[in-house]
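Worksheet for the structure shown next.
The values are calculated or read from the model by the stated rules, or taken from the named source; none is laboratory data. In this text the structure is predicted, and so the values were computed from the model without any measurement. Virtual Cβ from ideal backbone geometry, glycine too; neighbours counted across all protein chains shown.
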Amino acid sequence: MPVNTCHSINAQLFLSAFIFLFISYSDLSADESVKSKQSIEWGQSVNGVRSALTSPKTNYVIGEPILLCYQLENRSPHDVMFYYEGYHSRCFKMEIFYLPQNRLTPNKGKSMKEAIDLTRYGKGIFHGTLFSSVRGFNIGSSSVLTWDFGDIPINHVYDMTLPGKYEITTKRMIHNAFVTTNTLKITIVKPQPENNDLQGAHVVPINLKK
């Protein structure tokens, strides 16, 4: 698929990997489709189209790369048009919320959520107009599109440095309606301290004077 020139080489390479990622387009048989989706939590279907956001695991240590996979399935009997124009455009949006520990909304007892901003690296990549026009292509009936984020950790793009719980959702414009993924829940913890045989031991100072 042709891509317009980005403002910089780095932005072009990163955006190509992040937005188009490694797109896999497949027509699955009924048996293959059921088998491949048994462990996938899908978002709500809109006009026969649904999407899902997954990760290899849900618990990470601070700084550990968090890799995501995005899937879009057309379950309708007709082809649908898939649009893209750039990151955080009217066609594609990702939201990440942080749930601070021990912080509740007044009188409701529910955890407060804080929207997570892009990192300095992420801002340098995604701010600005990277494409001059909207493009699109059809997704066939009973077809699944898979975006593998590959080696692009989402926590390098978004500030996820604090330990705690995070919620990630992605929505994409399909036929003038947003199709939203499931809410992917990620927990980030502090690294465990290394074992130290001397930790907690009583140390007797050495008297060097004789």
Next item on the list: State whether one or more residues within region 109-125 are assigned to a loop (DSSP other than H, G, I, E, B), modelled with pLDDT of 70 or more, on the phi > 0 side of the Ramachandran plot and surrounded by 15 or more Cβ atoms within 10 Å (Cβ to Cβ).
Entry: no
Next item on the list: Could you tell me which of the residues Thr146, Thr183 is hydroxyl-bearing (Ser, Thr, Tyr) and either loosely packed, with under 13 Cβ neighbours inside 10 Å or at pLDDT 90 or above (or both)?
Entry: Thr183
Note to self: Being polar (S, T, N, Q), modelled with pLDDT of 90 or more and farther than 23 Å from Pro56 by Cα is true for just one of Ser141, Ser89. Which residue is that?
What the structure shows: Ser141
Note to self: For region 53-69: of the residues being part of a loop (DSSP other than H, G, I, E, B) and of a type in the set (A, V, I, L, M), which is nearest to the chain's Cα centre (by Cα)?
What the structure shows: Leu68
Next item on the list: Give me the pairs, please: first residue somewhere in region 134-152 and within 16 Å of Cys91 (Cα to Cα) and among the polar types (S, T, N, Q), second residue anywhere and exposed (fewer than 14 other Cβ atoms within 10 Å of the Cβ) and modelled with pLDDT of 80 or more, beta-carbon distance under 7 Å, and either six or more positions apart or on two chains.
Entry: Asn138/Asp79; Asn138/Met81
Check: Of these, Asn155, Asn138, Asn176, which one is over 14 Å from Leu72 (Cα atoms) and over 17 Å from the mean Cα position of the chain (by Cα)?
Finding: Asn176
